[in-house]
1. Taking the 0 to 90 degree range and rounding to the nearest ten, how far is the long axis of helix 176-192 tilted relative to the main principal axis of the chain, both from C-alpha atoms?
2. What is the list of residues in region 393-428 whose amide nitrogen lies under 19 Å from a point 7 angstrom out from the Cα of Asp39, following Cα to Cβ?
3. At a threshold of 8 angstrom on Cα-Cα distance, excluding pairs fewer than six apart, so keeping six or more, what relative contact order does region 109-182 reach in percent?
4. Suppose a student asked you for the relative contact order of region 378-419, using Cα pairs under 8 Å spaced at least 6 residues apart; what percent would you report?
5. Hey, what number do you get for the chain at 222 nm if only DSSP H runs of n ≥ 4 count, each worth -39500 (n - 2.57), divided across all residues, to the nearest 500?
6. For region 189-339, what does the relative contact order come out to in percent, with C-alpha contacts under 8 Å and a separation of six or more?
7. Mind giving me the FRET efficiency for Lys88 and Met1? R0 is 22 Å, r the Cβ-Cβ distance, nearest 0.05 is fine.
8. What is the spin-label model distance, in nm, from Arg136 to Asn175 if the labels are put 7 Å beyond Cα along the C-beta direction?
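What follows is calculated from the coordinates using simple rules that are stated; it is not laboratory data. Predicted model, so just to flag it, every value in this text is computed and none were measured. Here the Cβ positions follow ideal geometry from the backbone for every residue, glycine too, while neighbour counts run over all protein chains shown.
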Amino acid sequence: MPQRGWWKRGVIYQIYPRSFRDSNGDGIGDIRGITRKLDYLTWLGIDAIWLSPVNPSPMYDFGYDISDYYDIDPCYGTLSDFDELLEKAHASGIRIIMDLVVNHTSHLHKWFKDSSSARDSRRRDWYIWHDPVKGREPNNWKSAFGGSAWEWDPHTEQYYLHSFLKEQPDLNWRNPEMRKSIHKMMRFWLNRGVDGFRLDVVNWFIKDDRFRSNPFTIKPLDPEKHKYDRNRPEVHDYIKELRAVVDEYDARMTVGEVFTLPPGNPELSASFLGNGEDELHMAFDFSIMYRFWSARRFYNCVKRWYREIPHSGWPCNVQSNHDQPRGRSRYMGGVNSEKRARVAAIFLLTIKGTPFLYYGEELGMKNTSLRRNEIVDPLGKRYWPVYRGRDCARTPMLWNSKTNAGFSDGRPWLPVDSDYKKLNVKAQRKDRYSMLNLYREMITLRKKHPALNRGEIIPEIKGFKNVLAYFRQEGDETFFIALNFSGKERTIHAGERGQWRVMLSTHRTIREHFTSLTMTLAPYEATVVMRIGEL
Ligand code: ISL
Ligand code: CA
């Protein structure tokens, strides 16, 4: 199904495979489970699935520690299950994006086994080894998951680097042979038909070649803190190489996770797009995920984001993923949390750029509250109760009001959210005014109208009194989107003339017509109108 640029028009849906649908009752979501739910995804109208890692893994970090890049973990199925998913998804017009976790492998990967077997092993230099300095760790680099980033290997008497767990040794991207193996592996999946890759922590691949210590700082969110172990400028050469591999194939795409502290760095994220054509197709900017609920703050985030995107590049937008608390919980609306989540949904699906949805977001799923003994995420285990880890946003998808919300016949690997009796796919499909139907309607409208997917965005009200309003325009199509982030009624006026009609709204059930863009928005109203003629 080649069609270049499909990813600019599409909506991408992230599936955390452990939690979507379990087909064999072992409590763990799997590939066959996803294949069985393709009907649902087709109904919802998404264009592609980004699948969090499904390769064999000892699961110290639930798949983000890969021990074999060429296979599928038995708990998720087999290669032929994967091929079946690809084939059936493609037949329904849904593309599949794989997670490419290549900053590190599992310590059980055969490359690391070889690398750590002897100092003169063939793949010694595929990972990052260093002698002690003054009898200690070579420098002050810290693992993102706590402690020093260096682990002592008593067998070969050197330290190895791990930016995450010690079971996730970092690959050495400066080694050309290692890079060739990654490219070969990418071709393996591209030949099988996958439509692209999401690159895990792409800004961490390259480390300082002199291993200088990071500047000492006591400010927890100081960007200088990772001066030498992340965000090295040389990384771009290797991203260009990687892009060339993907470009050997038709209509494939890449999206990079650019993770920084402080969170969200639009300039850095956009730098991974290169000149717009020679690095990644898209990169995440996480700014919005860390902003409090406010029209002005949201506006400022996207404004800065668009400003950084190179002329021939393309933005993408995201509000939730498997590492962050669920959007609906983050917006902290209390009794209004669902209303806020609806405004956020219309915002995400109408601003310029490819939207990424996280499974369950379309139902308005919230964080699940978990007890200490239910936590399995290594981060949560380590930092409880100060930080409870990421499990709260990884609980099973809620399909219906039966046992385990229809996720599994066995005991789910993480508890099912207690809201499932009301908040589930089956109930929401039937309810015309549900969050799910709002997502579906908006996705459908977005697909139908070029102005809403690739059109220019022209801001009109930039957060004044907590209202955001903008136009989207392409050819002779013009849309006006008005979002009331506040809990109060707001009357707005936009100067644009013409005849307009309500196309979608969280509040207006009648397709009203307007002859001017003066309207009173209910608290938390989100309304999309389209120009239907001249005045
Ligand atoms: O999850 C985090 C804290 O909330 C982040 O620090 C996270 O480590 C960062 O976003 C990088 O994430 C990616 O790489 C990790 C993996 O654990 C995450 O799930 C993945 O998205 C290591 O592969
Ligand atoms: Ca299973």
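1. 40 degrees
2. 397-403, 405-409, 424-428
3. 27 percent
4. It rounds to 29 percent for region 378-419.
5. After summing the helix terms and dividing by the residues of the chain, the value is -7000 deg cm²/dmol.
6. This gives 20 percent for region 189-339.
7. Working: r = 13 Å, r/R0 = 0.58.
Using R0 = 22 Å, I get an efficiency of 0.95.
8. 2.8 nm
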